[in-house]
Amino acid sequence: MLQTLLPDADLGKCLTAGRRNYETDPRGVPSVRFDKTAPPLEKRSVANATNYGDDLHAGSLITPTRFQSLGVHPQDFLQKRPVAEVASLLRGAGFCAEEQKLEAILTRAGCEDGAGRASLEDALGAIEEWLSTEG
């Protein structure tokens, strides 16, 4: 009785003569494609279902960052840029200060980096520090 309930010994095996059961050879492609270089996020098609391992998690979809809807990612705030470029970004965002004060703030922000480069995060921290001492 028990013998009839057990699966057959040849279950999942090829019974055709001349064919083999390859059990060690991988079949298909992995779920996450580390063998291909991922195109930039802005150049990927919506129809491309390939997982390159850098997809957003559910948490970032539910609670996006403040500027993510504008296409500005958190890594953009941490990227080191020349001080002149940071000043241009701040002026474009509407930060109004005298040229000398802005230069002093950005010099302070770029002090940590020996090459005179600063990130927007550094510049915003220096502006916050300047505002706390001014006000």
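Looking at the stretch 44-115, which chymotrypsin sites (Phe, Trp or Tyr not before Pro) are in a loop (DSSP not H, G, I, E or B) and have at most 16 other Cβ atoms within 10 Å? Each step should come with its number before you reach the end.
Numbers: sites: 52, 67, 77, 95; in loops: 52, 67, 95.
Of the chymotrypsin sites (Phe, Trp or Tyr not before Pro), the ones in loops of the stretch 44-115 whose Cβ has at most 16 other Cβ atoms within 10 Å are 52, 67, 95.
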Taking the chain as the reference, fit the longest principal axis to its C-alpha atoms, fit the long axis of helix 120-134 to the helix C-alpha atoms, and give the angle between the two in degrees, 0 to 90, nearest 10.
40 degrees
Just rank 70, 2, fewest to most, by other beta-carbon atoms within 10 angstrom.
2, 70
Magnitude of the Cβ-charge dipole of the chain, K/R +1 and D/E -1, about the Cα centre, nearest 20 debye?
780 debye
For the stretch 46-55, in residue order, the Karplus 3J(HN,Hα) values (coefficients 6.51, -1.76, 1.60; θ = phi - 60°; whole Hz; Gly and Pro = x) are 5, 7, 7, 9, 5, 9, 9, x, 10, 5
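Okay, helix-only estimate at 222 nm for the chain: each DSSP H run of n ≥ 4 adds -39500 (n - 2.57), divide by all residues, round to 500 deg cm²/dmol; what do you get? Each step should come with its number before you reach the end.
Values: 6 runs with 50 residues, N = 135.
Theoretical 222 nm ellipticity from helices: -10000 deg cm²/dmol.
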Go through [x] 28.4, 93; [y] 16.6, 58; [z] 14.6, 42 and flag the label whose value is the computed Rg and Dmax of the Cα atoms in Å for this structure.
[x]
In degrees, nearest 10, the alpha-carbon axis of helix 83-92 is tilted away from the dominant principal axis of the alpha carbons of the chain by 90 degrees
For helix 99-109, what angle does its Cα long axis make with the longest principal axis of the chain, in degrees from 0 to 90 and rounded to 10?
40 degrees
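FYI, it's all coordinate maths here, none of it is from the lab. Keep in mind it's a predicted model, so treat the numbers as computed, not measured. Because the Cβ atoms are built from the backbone with ideal geometry, glycine has one as well, and the counts that use them run over all protein chains shown.
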